[in-house]
Amino acid sequence: MNQDQLKQMVGEAARDEVLKLPAGQILGVGTGSTANCFIDALAAYKDHFSGTVSSSNATTERLLKHGFKVLDPNDVLSLPAYVDGADEIDPAGHMIKGGGGALTREKIIASMAKQFICICDSSKQVSVLGNFALPVEIIPLAQGVVTRELEKMGGKVTLRAAKSTRADLQQTNSEPFVTDNGAWILDVAGLKISDPIKMESHINQIAGVITVGLFAKEKANILLVSNASGVQRLTF
Ligand code: 5RP
């Protein structure tokens, strides 16, 4: 079974999980290839929900294409569940997220939801977070100062690049990747994150940081994880 099939399988399991919620509520929807499988699997049942809140422009586009109603988070008072993927998840449900660059909106929607339902294949399960470079969304003018602070913590910091082809120069330039919020992302390799709550709070204190892709306070409540023998459901 390949990774796409594992993603599809867990997307379908997440669809079955959210259909257990009473009808007529609003659902939070994440970003990434696994979240896309979930959206596609849920499309035929979209009327079960009165609307959705979306964590990125890409997810909004996909939801609208399927005919889901997408609401402004400011108009939403109660969100029973948020479904999203992860780049890494530890045995306590703490996650690294932001590989797709949507970490800030993902964390906002996760903070609104009663339950975070994480969906992934088993390659994302780790004993200690940090093998995947930690994404940190920053205000562009703070790149230098935030980089130095993250280096003091032992991180190897790279500004995330967006590949862009400059036809006029006849060459490919690597310009910074720009998030949906008009910000930049630093990817921090080499951190062993044994205390995710402490590290999340420490990085949050650095001036110029918008969001760190450590989801420790907003950790998963339910994990649906797929491997070749099926989907396992864990709770934290
Ligand atoms: C996007 C995310 C994604 O949830 C994470 O990168 C996992 O993506 P995928 O399901 O494509 O592996 O945090 O910002």
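The values are calculated or read from the model by the stated rules, or taken from the named source; none is laboratory data. Fair warning: this is a prediction, and the values are worked out from it, not measured in the lab. Methodologically, a virtual Cβ is constructed for each residue, glycine included, from the backbone with ideal geometry; neighbour enumeration extends over all protein chains shown.
Just one of (1) free of Cβ contacts under 8 Å to residues at least 24 places away in the same chain; (2) touching a strand residue (DSSP E or B) at 6+ places or on another chain (Cβ under 8 Å); (3) assigned by TED's automatic domain parsing to the domain that holds residue 111 trips up residue 229, so point out which.
The number of the failed condition is (2).
Tell me whether the stretch 142-160 contains one or more residues that are part of a strand (DSSP E or B), outside the structural domain of residue 7 (by TED's automatic domain parsing) and more than 21 Å from the chain's Cα centre (by Cα).
Among the residues of the stretch 142-160, at least one is part of a strand (DSSP E or B), outside the structural domain of residue 7 (by TED's automatic domain parsing) and more than 21 Å from the chain's Cα centre (by Cα), which makes the answer yes.
Which residue pairs have Cβ atoms under 9 Å apart, sit 6 or more places apart or on different chains, and have a first residue in the stretch 71-93 that is of a type in the set (S, T, N, Q) and a second that is part of a strand (DSSP E or B) and away from the ligand (no atom under 16 Å from the Cβ)?
78/25; 78/26; 78/114
Sort out which residues of the stretch 71-94 are closer than 23 Å to residue 26 by Cα and out of contact with any Phe, Trp or Tyr (no Cβ under 9 Å at 6 or more places or on another chain), and write them in order of number.
71, 72, 73, 74, 75, 76, 77, 78, 79, 80
Looking only at the stretch 108-133, count how many residues are more than 10 Å from the ligand (Cβ to nearest atom), assigned to a helix (DSSP H, G or I) and closer than 24 Å to residue 20 by Cβ.
Residues in the stretch 108-133 being more than 10 Å from the ligand (Cβ to nearest atom), assigned to a helix (DSSP H, G or I) and closer than 24 Å to residue 20 by Cβ: 5 in total.
Name every residue in the stretch 31-63 that is among the aliphatic types (A, V, I, L, M) and crowded, with 20+ Cβ neighbours inside 10 Å, in order of residue number.
35, 39, 42, 53, 63
Quick check, is residue 31 free of Cβ contacts under 8 Å to residues at least 60 places away in the same chain and within 16 Å of the ligand (Cβ to nearest atom)?
Spelling it out, it is not the case that residue 31 is free of Cβ contacts under 8 Å to residues at least 60 places away in the same chain and within 16 Å of the ligand (Cβ to nearest atom).
Are there any pairs, at least 6 apart or on different chains, whose C-beta atoms fall under 6 Å, with the first in the stretch 38-52 and touching a residue at least 60 places away in the same chain (Cβ under 8 Å) and the second part of a helix (DSSP H, G or I) and surrounded by fewer than 16 Cβ atoms within 10 Å (Cβ to Cβ), and if so, which?
Listed pairs, sorted by first residue: none to list.
Among the strands (runs of 3 or more DSSP E) lying completely within the stretch 178-236, list those that include at least 1 residues that are polar (S, T, N, Q).
Once the strands (runs of 3 or more DSSP E) in the stretch 178-236 are filtered for at least 1 residues that are polar (S, T, N, Q), what remains is 209-212, 222-227, 230-235.
Which condition breaks for residue 96 when tested against (1) more than 10 Å from the ligand (Cβ to nearest atom); (2) within 20 Å of residue 205 (Cβ to Cβ)?
So the condition that residue 96 fails would be (1).
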